[in-house]
Amino acid sequence: MKITDIKLTVVGVPRHTGFINKHIIVKIYSDEGVTGIGEMSDFSHLPRYAPDVEDLTNVIKSVLVGENPFDIMKLNKELVGNFPEAMYYYEKGSFIRNGIDAALYDLCAKYLGISVADMLGGRVREKIKVCYPIFRMRFMDEVEENIEVVRKRLNQGFDVFRLYVGKNIDADEAFLDAVQREFGQKVKIKSLDFSHLHDWKTTLQAVKRLTKYDLGLEMIESPALANDHEGLNHIRMRTDYPISEHVWSTRQQYEMIKHDSVDIFNISPVFIGGLTAAKRAAAVAEVAAKGVILGTTQELSIGTAAMAHLGAALTNLTYTSDPTGPELYIGDVVKNRVQYKDGYLHLPDRGVTGLGIELDEELIEKYRVNDLSWGEVSVHQLQDRTAQTKV
Ligand SMILES: O=C(O)C(=O)C[C@@H](O)[C@H](O)C(=O)O
Ligand SMILES: [Mg+2]
Ligand SMILES: [Mg+2]
């Protein structure tokens, strides 16, 4: 089989919060008449610049056209050559590699008539426990709005949540207090995510306040400045709670092991550049005897299905994971969205081929936008993932 062509389509899909995220839908065509699909998810992250999609398409064509899609390791090496790793969480080259890698798996698995999980090592599980995110509050009046989100999502079966914290600790505390009073044991807050906003010592003060409300806390995430591997170790040694951090490059994961920085690696294909790289990062975690969760950038259904197939094959998925993107957006671009039930992300059936997701061309057209250009949006909105415009 040979790759014959590549198509990239940009879509902008609003979230229930009002925040609009741009993604690129990838199609890889082959001379066997089989097409692979993938998703370069959520370019709506800092820094505020964007790749030119026409130029990007040409670059990717120059890497892939004429190649055998089964040469996944060779093609990943080529992709890393063209879009090198960086020591940055939201490195856009990783998003690009991720979309291509998923489409290669989809193409090859469809050709073989098997599901992507079967290419990644089969199924250890059929469903993955996930949590619903509560985005960061800066103002007290956001507390009640977020309690309403908990009420609504609990009714839909999401009983585990995670909370982005660190810009208004009074609001964080008021939220946790209100959750405890209203929901008691019915709801779990599995993580407090500080998103690298503060140095570890400042975070530690906040952790002391917020862990008064232990609602089933599994981990404290990103509690030091980005790439402060020693800082993570300092705070890890001073709190009883497991520390988690995202993996965004091979070198950064190595440094975190060297400095014994974390208990849990938060692994997302989008931030490490694909299913291939994410599977390797999970194997590295196993070697280092660390826990693993599947993280998220809040993907649409294609990106989330890719993570479900990956999660199916991981033996060391030890804590509650994060991918709930399709529940956050008001729409999607597929005929069959991924399924959530009782707070679990369910894998597509074993009988499906590829990722098991079918594109809906009408929905692609509905959400299609010309490019990845930035509209009016503030750094706060980008950090906090809300449409909140107050300063
Ligand atoms: O755990 C995290 O950190 C995230 O989920 C990052 C978020 O910013 C996410 O990418 C989003 O877009 O909401
Ligand atoms: Mg995080
Ligand atoms: Mg994101």
Looking at region 1-63, what strands (runs of 3 or more DSSP E) fall wholly within it and have at least 2 residues that are within 23 Å of VAL334 (Cα to Cα) and either among the small types (Gly, Ala, Ser) or out of contact with any strand residue (DSSP E or B) (no Cβ under 7 Å at 6 or more places or on another chain) (or both)?
35-40
GLU327 fails exactly one of (1) open to solvent by 10 Å² or more (accessible area, probe 1.4 Å); (2) more than 16 Å from ligand 3 (Cβ to nearest atom), namely (2)
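Only one of TYR164, TYR132 is hydroxyl-bearing (Ser, Thr, Tyr), within 24 Å of THR297 (Cβ to Cβ) and out of contact with any helix residue (DSSP H, G or I) (no Cβ under 6 Å at 6 or more places or on another chain); which? Give the steps one after another, and end with the answer.
Numbers: TYR132 fails: out of contact with any helix residue (DSSP H, G or I) (no Cβ under 6 Å at 6 or more places or on another chain).
Result of the check over TYR164, TYR132: TYR164.
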Please name all residue pairs, on different chains or six or more residues apart, with Cβ atoms under 6 Å, provided the first residue is in region 40-59 and is farther than 12 Å from VAL10 by Cα and the second residue is part of a helix (DSSP H, G or I) and open to solvent by less than 20 Å² (accessible area, probe 1.4 Å).
LEU46/LEU382
Within region 1-39, can you find the residues that are in contact (Cβ under 8 Å) with a residue 12 or more places away in the chain, more than 16 Å from ligand 1 (Cβ to nearest atom) and open to solvent by 50 Å² or more (accessible area, probe 1.4 Å)?
LYS2, THR4, ASP5, LYS7, TYR29, ASP31, GLU32
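Among the residues of region 109-125, are any within 20 Å of the chain's Cα centre (by Cα), under 21 Å from THR57 (Cα atoms) and touching a residue at least 24 places away in the same chain (Cβ under 8 Å)?
Taking region 109-125 and keeping what is within 20 Å of the chain's Cα centre (by Cα), we get 116-117, 120, 125.
Remaining after also requiring under 21 Å from THR57 (Cα atoms): none.
No; the residues of region 109-125 include none that is within 20 Å of the chain's Cα centre (by Cα), under 21 Å from THR57 (Cα atoms) and touching a residue at least 24 places away in the same chain (Cβ under 8 Å).
Scanning for something within 18 Å of ASP260 (Cβ to Cβ) and within 16 Å of ligand 1 (Cβ to nearest atom), does region 199-209 turn up at least one residue? Walk me through it before giving the result.
First, the residues of region 199-209 that are within 18 Å of ASP260 (Cβ to Cβ): 200, 203-204.
Narrowing further to those that are within 16 Å of ligand 1 (Cβ to nearest atom): 203.
Yes, because at least one residue in region 199-209 is within 18 Å of ASP260 (Cβ to Cβ) and within 16 Å of ligand 1 (Cβ to nearest atom).
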Would you call SER191 surrounded by fewer than 21 Cβ atoms within 10 Å (Cβ to Cβ) and under 21 Å from the mean Cα position of the chain (by Cα)?
no
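Anything in region 178-221 that is in a helix (DSSP H, G or I) and charged (D, E, K, R)? List them, or say none. Full working, then the answer.
Narrowing region 178-221 to residues in a helix (DSSP H, G or I): 178-186, 200-210.
Matches in region 178-221: ARG181, GLU182, LYS186, LYS201, LYS208, ARG209.
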Which of (1) part of a loop (DSSP other than H, G, I, E, B); (2) surrounded by fewer than 18 Cβ atoms within 10 Å (Cβ to Cβ) is the odd one out, the single condition ALA224 does not satisfy?
(2)
Residue satisfying all of: in region 293-313; more than 17 Å from GLY273 (Cα to Cα) and more than 16 Å from ligand 3 (Cβ to nearest atom); surrounded by the fewest Cβ atoms within 10 Å (Cβ to Cβ) among these
ALA313
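Being in a loop (DSSP other than H, G, I, E, B), more than 16 Å from ligand 2 (Cβ to nearest atom) and buried (at least 24 other Cβ atoms within 10 Å of the Cβ) is the filter here, so list the residues in region 260-283 that pass it. Steps first, please.
Taking region 260-283 as the starting set, the residues that turn out to be in a loop (DSSP other than H, G, I, E, B) are 260-263, 268, 273-274.
Now drop any that are not more than 16 Å from ligand 2 (Cβ to nearest atom), which leaves 260, 273-274.
Of everything in region 260-283, those that are in a loop (DSSP other than H, G, I, E, B), more than 16 Å from ligand 2 (Cβ to nearest atom) and buried (at least 24 other Cβ atoms within 10 Å of the Cβ) turn out to be GLY273, GLY274.
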From the residues in region 345-390 that are in contact with a helix residue (DSSP H, G or I) (Cβ under 7 Å, 6 or more places away or on another chain) and open to solvent by 30 Å² or more (accessible area, probe 1.4 Å), which one is farthest from LYS110 (Cα to Cα)?
GLN388
Please verify whether THR318 is of a type in the set (Ser, Thr, Tyr) and within 30 Å of VAL11 (Cα to Cα), treating the condition exactly as stated.
no
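So, restricting to helices (runs of 4 or more DSSP H) that lie completely within region 284-391, which ones have at least 1 residues that are more than 18 Å from the chain's Cα centre (by Cα)? Quick ask: steps written out before the conclusion?
Numbers: elements: 301-313, 325-328, 361-367, 379-384.
Answer list for region 284-391: 361-367, 379-384.
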Which count do you get for residues in region 97-150 that are part of a helix (DSSP H, G or I) and open to solvent by 10 Å² or more (accessible area, probe 1.4 Å)?
15
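The values are calculated or read from the model by the stated rules, or taken from the named source; none is laboratory data. Keep in mind it's a predicted model, so treat the numbers as computed, not measured. As a convention, Cβ positions derive from the backbone with ideal geometry for all residues, glycine included, and neighbour counts pool all protein chains shown. The accessibility values were calculated without ligands, DNA or RNA, using every heavy atom of the protein model including side chains. Shrake-Rupley method; radii C 1.70, N 1.55, O 1.52, S 1.80 Å.
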